[in-house]
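The values are calculated or read from the model by the stated rules, or taken from the named source; none is laboratory data. Computed from a predicted structure; not experimentally measured. A quick note on method: Cβ atoms are made from the backbone with ideal geometry, for glycine too, and the neighbour counts reach across all protein chains shown. Quick note on the areas: whole protein, heavy atoms, side chains included, nothing else; ligands and nucleic acids left out. Shrake-Rupley method; radii C 1.70, N 1.55, O 1.52, S 1.80 Å.
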Amino acid sequence: MNLTSRQLNLFSESVYTHSPIVAAAIEKLSATAGAESRGAIFTRIEVVDFILDLAGYTEDQPLHEKRILEPSFGGGDFLLPVISRLLTAWKSSQHTKAVVEELGGAIRAVELHRNTFSSTRLAVIERLKQENIEEQFAVALADRWLILGDFLLSPLEGEFDFVVGNPPYVRQEQIPAPLLAAYRRRYQTMYDRADIYIPFIERSLLALAKGGCLGFICADRWMKNRYGGPLRSLVADRFNMKIYVDMVDTPAFHSDVSAYPAITIISRETPGATRIAHRPAIDRATLALLSAALRARNLPKEVGPVRELARVTHGSEPWLLETSDQMALIRRLEKQFPSLEKVGCKVGIGVATGLDKAYIGDFDALDVETDRKLPLVTTKDIVSGEVQWRGQGVINPFAEAGGLVDLRNYPRLCRYLEARRESISARHCAQKTPANWYRTIDRITPELASRPKLLIPDIKGEAHIVFEAGKLYPHHNLYYVTSDDWDLRALQAVMLSAVTRLFIATYSTKMRGGFLRFQAQYLRRIRIPQWADVPLGLRAELVEAAIQRDIHACNQAVFKLFALSNEEKSSLGGNGD
């Protein structure tokens with residue numbers, strides 16, 4: 001990704017002239033009371049110290065001669081330990097200037113929420129006074145260091161040797177429209193459905209001095225999913241992804257989070273190898289040893305908690321952070337076989353109505369014309385691994401020829417919808433096009449119900465692939481696969497196998513508890529041969545394994561399908577041996 005002149009001038013003062021409507025949106029957010037609505041998650045001190053060590057912000061450095069930036073300081077989880085390290089390093093050095101002159105430029109920390117800013121400012125002043133810094137100088141330092149404002153829009157002078165923190169995790173829907181538009185104008189990585197931590201990372205990276213280092217703990221979704229593509233490209237072009245520490249299922253924060261967190265250390269230097277560690281115990285001794293291993297000049301030859309991958313970043317492509325033997329298998333299959341959709345398989349997602357309580361109900365009880373409803377399959381219908389329909393149905397307001405049906409031709413449907421018009425019309429999609437107030441968000445195509453399909457829930461711990469014979473319409477919490485070429489039972493065996501799980505685990509984001517996202521964008525990454533190239537005997541073996549729901553048999557057949565070597569089988573845990 002080539003940076004535009006707009007990006008290169010990102011930090012110039014003129015960029016930050018706010019319109020009244022943007023200023024009002026910032027003011028509204030700065031007064032928001034709830035930590036959750038601000039995306040505030042608080043980090044444990046052991047993890048903070050671990051990140052500061054990994055980034056190189058250590059007391060043996062002349063920290064008073066360095067500059068560190070904290071983009072969203074909140075209650076001071078990072079800021080206060082940074083101050084402690086700065087003061088310790090400063091006191092051990094020779095200094096002749098006044099404390100404000102020597103330390104005033106060492107820290108810049110930004111916070112949007114006014115009450116949080118005020119309380120943490122007082123904590124900073126108190127911390128400085130505890131170090132025998134006179135109150136007037138403590139106040140002066142706090143006022144030099146701390147900035148009340150929106151990090152993404154506030155002017156910042158100069159470059160920084162370190163940027164550390166836990167950027168806020170806020171979805172686009174929670175950001176006022178004028179503010180979101182302002183972010184999009186300024187940040188090239190604010191792409192698709194990007195959450196707010198994405199431009200936080202972009203601006204932080206662009207604020208680094210040459211050789212500078214960023215150390216963040218945040219969701220890792222951007223490393224693999226669609227909206228992270230421009231940010232991955234930025235890192236690949238101009239930075240070095242030095243360290244990645246998978247923090248799933250570790251108590252890294254003071255509260256539980258559903259997202260899959262990771263620590264990333266990214267430096268402004270020539271790209272090189274990436275050191276990787278997974279799920280460390282959160283105690284000081286363990287993290288200190290791990291930090292030393294991650295930062296060691298040379299990794300020990302014996303197998304340990306740290307491994308090194310040579311080429312993690314590659315343009316906007318998803319980052320593959322699995323073991324090298326698994327990566328080699330993925331790369332071989334991608335080179336040798338076509339993708340799922342190139343062999344005649346279609347991946348889709350079920351219908352989103354925008355108001356399920358109005359459009360979905362007991363099929364027999366839905367009082368509309370027979371051709372205006374379809375039997376619906378949801379995740380609750382397939383929990384056993386087979387379809388056990390619970391009798392739900394969905395209203396279909398679409399005409400076969402396209403567009404919506406004329407309600408004058410369907411009196412029962414008209415009566416049904418009019419009785420619920422107030423709530424249906426309140427939906428965002430209805431307000432955008434009032435004349436089409438009764439449409440569902442997604443178009444419903446009845447022929448999909450009659451097609452045999454594989455059904456796949458979005459979030460699962462293991463692959464949960466269910467065959468549906470062609471009687472039900474999928475709900476929006478289900479992905480589906482149809483095919484005119486591949487036998488769906490044989491395809492089900494492939495989808496249930498360890499090979500498919502490797503593809504999903506490699507490209508998808510994980511959720512807390514190790515759950516994977518079986519979304520369309522990741523399912524489309526799966527590689528399989530053309531159906532015509534599958535021998536007849538192996539076809540029968542795949543079909544029988546799927547019908548029996550025998551995962552071991554599925555693996556045995558699929559390993560034959562891809563001609564996996566013993567080493568490749570071993571990389572998958574040896575399943576199928």
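Details
- Each other residue within a Cβ distance under 12 Å of A430 adds +1 if Lys or Arg and -1 if Asp or Glu, for a net charge of +4.
- Remark: the chain carries a charge dipole of roughly 900 debye about the Cα centre, counting +1 on each Lys and Arg Cβ and -1 on each Asp and Glu Cβ.
- For G361, the amide hydrogen comes within under 5 Å of the amide hydrogens of G393, counting only partners 5 or more places away or on other chains and with H modelled in the peptide plane.
- Phi angles of the stretch 334-344 translate, via the Karplus equation with coefficients 6.51, -1.76, 1.60 and θ = phi - 60°, into HN-Hα couplings of 5, 6, 8, 10, x, 6, 3, 6, 7, 9, x Hz per residue; Gly and Pro are given as x.
- The chain: angle of helix 45-55 to the longest principal axis, Cα-based, in degrees nearest 10: 80 degrees
- Highest mean packing comes first when the peptides 65-74, 446-455 are listed by Cβ atoms within 10 Å, giving 65-74, 446-455.
- Sum of side-chain charges, A281 neighbourhood, beta-carbon under 14 Å (Lys, Arg +1; Asp, Glu -1): -1
- Filtered trypsin sites (Lys or Arg not before Pro), the stretch 75-148: DSSP coil and at most 15 other beta carbons within 10 Å: K97
- Taking the C-alpha atoms of the chain, convex hull volume expressed per residue in Å³: 176 Å³
- Most to least packed among 225-231, 532-538, 42-48 [average Cβ atoms within 10 Å]: 225-231, 42-48, 532-538
- Placing T433, T264 in order of accessible area, with the largest value first and a 1.4 Å probe, yields T433, T264.
- Overall form of the stretch 34-118 per C-alpha gyration tensor (a/c, 1.5; a/b vs b/c): oblate
- Relative frequency of Cα-Cα separations exceeding 28 Å in the stretch 313-466, percent: 39 percent
- Among the listed pairs K224/K569; K342/K453; K357/K432; K28/K357, those with a Cα-Cα distance over 29 Å are K28/K357.
- Diffusion constant of the stretch 56-215 at 37 °C, which comes from Stokes-Einstein with the Kirkwood Cα-pair radius and 0.692 mPa s, µm²/s: 200 µm²/s
- Ordering N166, Q431, Y359 by Cα displacement along the dipole of the chain toward the positive end leaves Q431 in first place; charges were set at the Cβ atoms of Lys, Arg (+1) and Asp, Glu (-1).
- Quarter the surface of the alpha carbon convex hull of the stretch 396-537 and you get the mean projected area, 11.6 square nanometres.
- Percentage, to the nearest whole number, of Cα pairs in the stretch 433-497 over 16 Å apart: 52 percent
- Take the convex hull of the alpha carbons in the stretch 413-470; its mean projected area over all directions comes to 6.0 nm².
- Annotation: the stretch 170-295 has a Kirkwood hydrodynamic radius of 15.7 angstrom, from the mean reciprocal C-alpha pair distance.
- A simple rule links phi to the HN-Hα coupling: the Karplus curve 6.51 cos²θ - 1.76 cosθ + 1.60 with θ = phi - 60°, which for the stretch 273-282 gives 6, 10, 8, 10, 9, 10, 6, x, 5, 8 Hz, with x for Gly and Pro.
- For the chain: relative contact order, % (alpha-carbon pairs under 8 angstrom, 6 or more apart): 12 percent
- Dipole moment magnitude, nearest 20 debye, the stretch 415-561 about Cα centre, only Lys, Arg, Asp, Glu C-beta charged: 660 debye
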